[in-house]
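Every number in this text was worked out from the coordinates using simple rules, so none of it is lab data. Quantities reported herein were computed from a predicted structural model and do not represent experimental measurements. Cβ coordinates were reconstructed from backbone atoms using ideal geometry, including for glycine residues, and neighbour counts include every protein chain displayed.
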Amino acid sequence: MKYNYGAIEQKWQKYWEDNKTFDVTIDTSKPKFYGLVEFPYPSGAGMHVGHIKAYSGLETIGRKKRLEGYNVLFPIGFDAFGLPAENYAIKTGIHPRVSTDNNIAHFSDQLKRVGFAFDWSRVIDTTDEDYYKWTQWIFLKMFENGLAFRDKTLVNYCPSCKVVLSNEDSQGGKCDICHSDIVQKSKDVWYLRITEYCEQLLQGLSEVDYLPNIKLQQENWIGKSTGAFVNFELVGADEKLRIYTTRPDTLYGVTFMVIAPEHPVIDANSATIKNMDAVLEYRAECAKKTEFERTQLVKEKTGVKLDGLSAVNPITGKEIPIYISDYVMMGYGTGAIMAVPAHDQRDYEFATKFGIDIIEVIKGGDISKEAYTGDGEMVNSGVLNGMTNKKDSIAKMLKYLEEKGIGEKGVQYKMKDWAFNRQRYWGEPIPIVHCEHCGMVAVPYEELPLRLPKVQNFEPGSDGESPLAKIDDFVNCTCPKCGKPAKRETDTMPQWAGSSWYYLRYCDPKNSEALASKEALEYWMPVDWYNGGMEHVTRHMIYSRFWHKFLYDIGAVNTSEPYAKRTAQGLILGPDGEKMSKSKGNVVDPLDVIEVYGADVLRVYTLFMGDYEKAAPWSDSSVKGCKRFLDRVWALQDVLVDGDSYRPEFTSKMHKMIKKVTSDIDNMKFNTAIAAMMTILNDFTSFGSINRAELKDFLIMLYPFAPHITEEMYEALGFGGYIHDAKWSSYDEALCKDDEIEIAVQINGKLKERVMISADAEQAEVLEIVKANEKIASELAGKQIVKEIYVKGKLVNIVAR
RNA sequence: GCCGCUGUGGUGGAAUAGGCAGACACAAGGGACUUAAAAUCCCUCGGAUUAACCUCCGUACCGGUUCAAGUCCGGUCAGCGGCACCA
């Protein structure tokens, strides 16, 4: 009988849904396992094979954990706010609510057709007002605690999307969404003070089990550096110029200073600076450039020397000039640097161009050619002379600076505050009222959710204003504090908002009193295992860790970290080895695969195609191989014989296979787990039979990968109950070993022969057997044995001359 | 530029903690079954040499450590990812 995957898969999907097989409740009698996958953006295009791979990993782990007795929470939801729905609305006039609901229905249907063991009673939609009520609640808590604030700054602005973008959304000077060039614009922006949590976010990494490269990326993103702040006296002004440096020990080599064009010291001393015209002109030029032009282009250094304002090197007492230049940024450190041209390439280029002295203070390079950035002996540096250890010389200088009150130890982070508003409709309204008398006032908690009003026109305003600004009913309100007429904030939150806490809501998705009950959070949190794409390990993960740490600090959650473990799957590339994209026409539709081969084949293939963590190209013919595998599993029914324990010839094979599949699943080595099952299947097929005991455990091993076919066979063959309620098979370590094993025999490290020996044989015994071997004996004839090595159960190596 | 990762047959990939390189699949070639095709089953499948056995070479490249290196060390090249005038 042929395997009719279409009917069988439908049958079991319906069974799971009707019986709520994977819906879970708190059960303190069992250990819990919370497996989390990144919830999708429900795009109109529907699901992608990448989704399948991303979800199949934890799906397989979760199904196995369930058989091992865990209470498994494996939820799904939709991250549904965002630009595509809004752009679609602008184009078609269809309200984002309508298209989003359609897309969610479509996505849900597709996910069900793959047979994922999601708890469908806990589905989340970030655009649901019962959900975003709590997103707004968290925002208000941050506002209350001074972590949400408004500031006027130059922002990255996309003239095409008409939105302000965070640095993260405008990498490379291009808009993340439409790829237009970004320009700089002065605007009032909402920020979340994530920088307050730099150190905690960094320290927290030592408590969690993330893949090493994920930790590293987060560390780089936070970008901690240690150094010193040093205050330089000014000639021509009373105040001091404060700089940040990582190498205070090079202070003797400082021959000039550079400040950012926007540095406030310029305006404070505009009367003293004689060439203010030139300075302002340079500043205006810089303002025109985008962040990209300022930072990305390797170009010649430019700048203007301040005329009438200079500084004093605090350690040499020499007067040194101050320049403004755009290679110093206002956003890092203090916006001012001490320049050490001999040992910093940028300072070197600048000094060379402007004819400034270059003083060597670290020996080892040739400063007539380029800056020397390596280590070496300190020279021309007073008390530091002769020191060769960087750490020691920095410590000595720091001590001196602190004693003299010139400077102190300091720490800097590259991470910047999070620009937290978009001038868009389809997002969570920021629950703030602007009152002429009271300033910014929080919408009272009991008025949440602050609902998105219905609008007709989704086009942003001409000046990048939110479409909400055109809704008078929405904008005009009364101040919650003084009761006088006031205006609502019309910006909405960025897409990262809803996904920053969704894993908490899954614990208790219908709670109307809190984001989740204490009881639910205590039982389910933290997420035991979070899997997703590498592209989300910095922004999304750092943002959500930040929110979580804040919620922990205000007592709203019970763990300091949200995710105990994080892994990432590799991309599925197109059959041509290129990244899948519509324009390249190399996109594989998972539903087509289900149509032709069935959902089990699709699932098995995405896990078998290669190392789960690495990118691998799609191969249609390899999919066929997985289909063949499942057909051969189905055909085992034709060669089934009775037996309630493993037969001798399969005992150790079964135990080894169970051991391998068990540990491989735990380590996400799905490809080798499947290979082990293929191997033993080949053994059964060529042997000509399988008995009931063997088949039962084989099916249980295969179940997490291919649940439909295994449910069906398990039921049809009458193994009792359902496979999703079965117990995960155990193995006996002692039975994984064979009595007789084959070992390799090498002479001088080269393989010459293989011999069978008993597994527990000792070296002397083994060597005796080996030397009795005809071939080895002849190889050794006339040679002198220098050394004999026996690696137990593996090989013998005889060194002979 | 800095940091990190990777490099294995025609292809995807295996190879505890230095111990038989190429598991498992795909593709290809040959055969069986079939009127034929598909499906299925069997055989071959890193390279050189050979009728065959044997033997030699082989994990990007060069060198080293070791009885033994895909694995460890030093250097080179290539590809990928992250950060990037971060002081």
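Calculate how steeply helix A:620-635 sits against the longest principal axis of the alpha-carbon atoms of chain A, using the helix alpha-carbon long axis, and give the answer as 0 to 90 degrees to the nearest 10.
40
In nm, to one decimal, how far is the modelled label at A:Asn558 from the one at A:Lys737, with both set 7 Å along Cα→Cβ?
Inter-label distance under the simple model: 4.5 nm.
If you stretched the chain out fully between A:Glu144 and A:Ala800, how much longer would it get, using 0.36 nm times the residue separation minus the C-alpha to C-alpha distance?
228.1 nm
Can you check what the net charge comes to around A:Val279, using other residues whose Cβ is under 13 Å from the Cβ of A:Val279 (Lys, Arg +1; Asp, Glu -1)?
Result for the local shell: -4.
A:Lys404: which lysines have alpha carbons under 22 Å from its alpha carbon, excluding same-chain residues fewer than 8 sequence positions away?
Excluding near neighbours in sequence, the set is A:Lys240, A:Lys318, A:Lys390, A:Lys391, A:Lys396.
Which angle from 0 to 90°, rounded to the nearest 10, does the C-alpha axis of helix A:599-608 make with the longest principal axis of chain A?
It is inclined by approximately 70 degrees.
With r defined as the distance between the Cβ atoms of A:Lys274 and A:His106 and R0 fixed at 51 Å, what FRET efficiency is calculated, to the nearest 0.05?
Once rounded, the FRET efficiency stands at 0.15.
What are the extents of the Cα atoms of segment A:321-422 along their three principal axes, in Å, largest first?
Between the extreme Cα coordinates on each principal axis of segment A:321-422 lie 55, 36, 24 Å.
I need the Kirkwood Rh of chain A: take the reciprocal of the average 1/r across all distinct C-alpha pairs and report it in angstrom.
31.5
Tell me, what does the Kirkwood hydrodynamic radius of segment A:1-113 come to in angstroms if you use every pair of distinct C-alpha atoms?
Hydrodynamic radius (Kirkwood, Cα pairs) of segment A:1-113 is 16.4 Å.
Using r as the Cβ-Cβ distance of A:Glu239 and A:Ser186, and R0 as 30 Å, what FRET efficiency do you calculate, to the nearest 0.05?
0.75
Taking the Cβ of A:Ser544 as the centre, find all other residues whose Cβ is under 13 Å away and add up their charges (Lys, Arg: +1; Asp, Glu: -1).
My count for the surroundings of A:Ser544 gives +2.
How would you order A:116-126, A:531-541 from highest to lowest mean count of nearby Cβ atoms within 10 Å?
Final packing ranking: A:116-126, A:531-541.
Can you give the convex hull volume per residue for the Cα atoms of segment A:425-508, as a whole number of Å³?
118
Within 10 Å, count the other beta carbons around each residue, average over each peptide in A:425-434, A:618-627, and list them highest first.
Packing order, densest peptide first, comes out as A:425-434, A:618-627.
Percent of alpha carbon pairs in segment A:589-697 separated by more than 21 Å?
Across segment A:589-697, Cα pairs with separations above 21 Å total 42 percent.
Relative to the longest principal axis of chain A, what angle (0 to 90°, nearest 10) does the C-alpha long axis of helix A:49-67 take?
The answer is roughly 60 degrees.
For segment A:26-44 and segment A:462-496, write down the distance between their C-alpha centroids in whole Å.
36
Mind checking the full-extension length gain between A:Lys2 and A:Ala781? Use 0.36 nm per residue of separation minus the Cα-Cα distance, one decimal, nm.
Result for the pair: 274.4 nm of gain on full extension.
Under a cut-off of 16 Å between alpha-carbon atoms, report the lysines in cross-link reach of A:Lys64, not counting same-chain residues fewer than 8 places apart.
Candidates past the 8-residue exclusion: A:Lys30, A:Lys32, A:Lys659, A:Lys660, A:Lys669, A:Lys696, A:Lys727.
Grab the alpha carbons of segment A:100-151, take their convex hull, and tell me the volume per residue in Å³.
Taking only Cα atoms, segment A:100-151 has a hull volume of 125 Å³ per residue.
Take the Cα atoms of segment A:627-756, build their convex hull, and give its volume per residue in Å³.
With only Cα atoms used, segment A:627-756 gives 142 Å³ per residue.
For segment A:678-723, what value does the Rg/Rh ratio take when both radii are computed over Cα atoms and Rh is the Kirkwood radius, given to two decimals?
0.97
Average projected area of the Cα convex hull of segment A:176-290, in nm²?
Directional mean of the projected Cα hull area for segment A:176-290 stands at 12.0 nm².
May I ask you to compute the full-extension gain from A:Asn457 to A:Leu717, defined as 0.36 nm times their residue separation minus their alpha-carbon distance, rounded to one decimal in nm?
87.5 nm
Using per-residue counts of other Cβ atoms within 10 Å, averaged over each peptide, order A:646-658, A:443-455 from highest down.
A:646-658, A:443-455
Roughly how compact is segment A:77-163, stated as its Cα Rg over 2.2 N^0.38 Å to two decimals?
The reported ratio for this selection is 1.43.
Using only the Cα atoms of segment A:398-556, what are the Rg and Dmax in Å?
Gyration radius and largest Cα-Cα distance of segment A:398-556: 20.8, 67 Å.
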